[in-house]
Amino acid sequence: MLTQFPYLLDYSLVVPTVFRFVLVWYVVKHAYNLYKMNGFSITHGVLREIFKEDVAHIVRGFVIGLRLLAAALLILGLFTQSAGLVVAIMYLLRLQTKSYIGDQASADILLIFMSLSLLFLGAGAFALDLPL
């Protein structure tokens, strides 16, 4: 194969691992912000926009649990493709609301592409999933 940097192909299993760890960092950070309900939580504003206040607390707990479950699966490298799809859907739903802060759109779009790339690349090194 003709390539300019053939030795970079040796790191093809490391890149999905780096993607997994970066996604875990952001997913846990956003779950913590949603748990604390501080001004940095976009998801809390989204849930108040969609649901009534009493139902929003129940859905908030579900979203926190879903984020932490996806983060745990990503850090272990178990069901990585499914967890990446869940993370991509969560961030896509964040982008489609009225109360979304536009300054964070570029970071969320990058996280969407990183999580969707895990669908095609697989879990990478240091994972419980078998490599693709």
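Average accessible surface for the chain: 64 Å² per residue, computed with a 1.4 Å probe over protein heavy atoms with every protein chain in place. Computed on the chain, with alpha-carbon pairs under 8 angstrom and 6+ residues apart, the relative contact order is 34 percent. Rounded to the nearest 20, the size of the Cβ-charge dipole of the chain about its Cα centre is 300 debye, with Lys and Arg at +1 and Asp and Glu at -1.
Positive end of the dipole of the chain (Cβ unit charges, origin at the Cα centre): among Leu34, Leu130, Ala71, the Cα lying farthest that way belongs to Leu34. Projecting the Cα positions of Ile58, Ile109, Leu85 onto the charge dipole of the chain (unit charges on Cβ atoms of Lys, Arg, Asp and Glu, taken about the Cα centre) puts Ile58 furthest along the positive direction. Look at where the Cα atoms of segment 64-124 and of segment 1-32 average out, and the two centres are 14 Å apart.
The values are calculated or read from the model by the stated rules, or taken from the named source; none is laboratory data. These numbers come from a predicted model, not from an experiment. Every residue, glycine among them, receives a Cβ derived from its backbone with ideal geometry; neighbour counts consider all protein chains shown. Ligands, DNA and RNA are excluded from the accessible area calculation, which covers all protein heavy atoms including side chains. Shrake-Rupley method; radii C 1.70, N 1.55, O 1.52, S 1.80 Å.
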